[in-house]
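Trainee: I'd like to ask you about the structure that follows.
The values are calculated or read from the model by the stated rules, or taken from the named source; none is laboratory data. As the structure is a prediction and not an experimental result, all values here were calculated from the model. Heads up, the Cβs are rebuilt from the backbone with ideal geometry, glycines too, and the neighbour counts pull from every protein chain shown. Note: accessible area is taken over every heavy atom of the protein model, side chains too, but ligands, DNA and RNA are not part of it. Shrake-Rupley method; radii C 1.70, N 1.55, O 1.52, S 1.80 Å.
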Amino acid sequence: MVHGRKPRLAEDPERPAILTETNDLMDKYDARLRKFDHLHQAQQQAVERQVAAAHRVEDQYRQLGDRQWFNTNEWVMIRSMENTKLAPECYGPARVVRQMLFYAYKLALLNGDEIPELFHNERLQRCKIGELVPQREWAK
């Protein structure tokens, strides 16, 4: 006896059962490999879809044309990100100093000081400096 079992001979009738079990295990292993292959393909397709969606959004921005692009030395108002009851809707005016990234702009205040933050073009809206109402000082 070997480790509590009888030694198997080549002509043993249990031998084909062992071969079928190993074949079944190999089939299951192949099926799992095919499954992982499908998962890898699905992941690649998802990445391709995301890239295509990003290109579509970029094309939509490009099709907007002059409505979304700002030139240097153009006056803009900055839309507020606060959604509170008494918060102002816009801040500004500010002058476009330069375009930093694809949709981001560097701005400067009326006195010429640059604002250290970058602003996305969706937060900016054009304004004419002549349309601004002069601010009054409060009575003392």
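Trainee: Given the protein chains as shown and a 1.4 Å probe, how many square angstrom of His38 are accessible, to the nearest 10?
Mentor: 120 Å²
Trainee: Further question on the same structure: Based on the Cβ-Cβ distance of Gln99 and Asp37, what FRET efficiency does E = 1/(1 + (r/R0)^6) give at R0 = 41 Å, to the nearest 0.05? It would help to have the intermediate numbers written out before the result.
Mentor: Numbers: r = 45 Å, r/R0 = 1.10.
Plugging the Cβ-Cβ distance into 1/(1 + (r/R0)^6) gives 0.35.
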